[in-house]
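The values are calculated or read from the model by the stated rules, or taken from the named source; none is laboratory data. The structure displayed is predicted, hence computed values, not measured ones. Every residue, glycine as well, gets a Cβ built from its backbone with ideal geometry; the counts of neighbours run over all protein chains shown. Ligands, DNA and RNA are stripped out before the accessible areas are found, and what is left, the full protein with its side chains, is counted by its heavy atoms. Shrake-Rupley method; radii C 1.70, N 1.55, O 1.52, S 1.80 Å.
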Amino acid sequence: MNKFLKGCSVLLLACAVLLGCQNSDSPKASLDDIDSSEASESFYEPRLDMNSATIKQEVTVRDFVDGDTVHFNVPKSISQDEILKARFLAVDTPESTGKIEEYGKAASSFTQNRLSAADSIIIESDTGSWNVDSTGDRYLVWVWYRQAADAPYRNLNVELLQNGLAVGSSSANNRYGDFCMKALSHAKDKKLNIFSNEKDPQFFYGDAIELSLKELRCNIESYIGSKVAFEGVVSKHSKNGVYVQSFDKDTGITFGIPVYYGFNLSGDGLDILTVGNGVRIVGTVSYYEAGQAYQISGISYRAMKPDDPDNIKKLSEGNEISFTPITADMLLNKKVEIIEGDEKKSFDYAYLAMASSVTMKNLYVKDAVMNNNKDSSSYGAMTLECVSDNLAVSIRTAALKDENGKLIGEDAYKGKNIEVRGIVDSFDGNYQIKVFSAKDIKITN
């Protein structure tokens, strides 16, 4: 467990004085104060007692993950990496980072909107110590925020329940259990959001499985042959396909996948797949034997039915393409643990980063081999056998041409130090980086 300091800072004690908290270890509001006829956003909540025996810390947001998970910035005295991964107590919001569920995006937006506009945020333990969840990586907390310096702190956990954006998770068996149960009853009585029996306007009701690229990459074999839908950014064109990727804030990994459109698209459909566009992709998961890679195929766009949930869709444009800096050791040796529900799974970093954009420096080109078969579809392509930090790294290129359109040969790189930008790829079970243009290779000596 990380090192935690019990008690509150002088700053927080000052807040306590400002709030006029009394010295008691129980919530200060009575259930009688909660009026179910109140509008959802003015629900009376428990009060934050700064003098209780629980641990409290003022924090700022580092990353929003979903409705009930946020990464907070904390002092080094609390966590050596100054990050606390918080899982909200007593609530379970619909999924928005794995298999996407109805009202998952709404819950995520609710949490982000409340905390982004907050004047101050305080996290509180449920007992006299910080407690981890079943994964051992996330801390179970109450999240309090205030909207202005002279405003009272509000309990975000209770508000999620109250607004019908979460179901209970051991809601009665905690410090604010009575308030949680009252809030949950309020949402059910008022038929709010997930209890409304109404369609979520932010959810697509097609026959595709709605999921994230993270979920797809971590469990891709189980989705082969399935029709799926996910969101990401178009990062690169390659022949009759594109690469689509999405950064996951929870893991810090950019997940990607090739999307093959073949000859199915033209006009507006092709325009949707412009590099830098945020897109929604709908297609079938398959394994491309020749390329030794998983991909999405069978995508379509019907201009006469732009709102068809089976259509690919443009969500935004002008997104900057990020290239994750990696080392040879990360590409070849790094392992990553991914939390799925209450379980941890171990993966090669490169396996998860397949088809995503990366950059690598400090590569010495020990040898270069070009495909000189003019009848081959990959004529002019090269394999650069490199060394970086005493590790062998393969860089696979497309046929590269200079500014005059002339094919670039092996001698341009052999014996040189280079840095590259490309896509994580594999060949014969070995991870490599695939480079598509000469401008993505920089000679550094």
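Quick one: in the stretch 76-92, of everything that is open to solvent by 10 Å² or more (accessible area, probe 1.4 Å) and in contact with a strand residue (DSSP E or B) (Cβ under 8 Å, 6 or more places away or on another chain), which residue is farthest from Asp178 (Cα to Cα)? Full working, then the answer.
Of all residues in the stretch 76-92, those open to solvent by 10 Å² or more (accessible area, probe 1.4 Å) come to 76-77, 80-83, 85, 87, 89, 92.
If we keep only those that are in contact with a strand residue (DSSP E or B) (Cβ under 8 Å, 6 or more places away or on another chain) as well, we get 82-83, 85, 87, 89, 92.
Numbers: Glu82: 33, Ile83: 31, Lys85: 26, Arg87: 20, Leu89: 14, Asp92: 17 Å.
The selected residue is Glu82.
If you scan the stretch 300-309, which residues turn out to be open to solvent by less than 50 Å² (accessible area, probe 1.4 Å) and in contact with an Asp or Glu (Cβ under 9 Å, 6 or more places away or on another chain)?
Keep residues of the stretch 300-309 that are open to solvent by less than 50 Å² (accessible area, probe 1.4 Å), which gives 300, 308-309.
Correct list: Ser300, Pro309.
What's the number of the only condition in (1) more than 25 Å from the chain's Cα centre (by Cα); (2) modelled with pLDDT of 95 or more; (3) crowded, with 21+ Cβ neighbours inside 10 Å that Ala148 fails to meet?
For Ala148, the exception is condition (3).
So Asn319 passes all but one of these: (1) open to solvent by 30 Å² or more (accessible area, probe 1.4 Å); (2) touching a residue at least 40 places away in the same chain (Cβ under 8 Å); (3) in a strand (DSSP E or B). Which condition number does it fail?
(3)
In the stretch 67-113, which residues are charged (D, E, K, R) and within 19 Å of Ile194 (Cα to Cα)? Break it down stepwise before answering.
Step one: list which residues in the stretch 67-113 are charged (D, E, K, R), which gives 68, 76, 81-82, 85, 87, 92, 95, 99, 101-102, 105.
Asp68, Asp92, Glu95, Lys99, Glu101, Glu102, Lys105, listed by residue number.
Take the residues in the stretch 173-192 that are open to solvent by less than 30 Å² (accessible area, probe 1.4 Å) and among the aliphatic types (A, V, I, L, M); name whichever of them is nearest to Leu115 (Cα to Cα).
Of everything passing the filter in the stretch 173-192, Ala183 is nearest to Leu115 (Cα to Cα).
When you scan the stretch 266-288, how many residues do you find that are of a type outside the set (Asp, Glu) and either assigned to a loop (DSSP other than H, G, I, E, B) or open to solvent by 10 Å² or more (accessible area, probe 1.4 Å) (or both)? Explain how you work it out, then say what you get.
Of all residues in the stretch 266-288, those of a type outside the set (Asp, Glu) come to 266-267, 269-270, 272-288.
Within this subset, residues satisfying the condition of being either assigned to a loop (DSSP other than H, G, I, E, B) or open to solvent by 10 Å² or more (accessible area, probe 1.4 Å) (or both) are 266-267, 270, 272-277, 284, 286-288.
Qualifying residue count for the region: 13.
Ser170 versus (1) in contact (Cβ under 8 Å) with a residue 12 or more places away in the chain; (2) hydroxyl-bearing (Ser, Thr, Tyr); (3) closer than 29 Å to Gly252 by Cα; (4) open to solvent by 10 Å² or more (accessible area, probe 1.4 Å): which is the lone unmet condition?
Here Ser170 meets the rest and fails (3).
I'm told Glu385 meets every condition in (1) in a strand (DSSP E or B); (2) over 30 Å from Val132 (Cβ atoms); (3) touching a helix residue (DSSP H, G or I) at 6+ places or on another chain (Cβ under 9 Å) except one. Can you identify the failing condition by its number?
Here Glu385 clears every test but (3).
Which of the residues that make up the stretch 323-355 are under 30 Å from Tyr139 (Cα atoms) and small (Gly, Ala, Ser)?
Listed by number, the residues that qualify are Gly341, Ser346, Ala350, Ala353.
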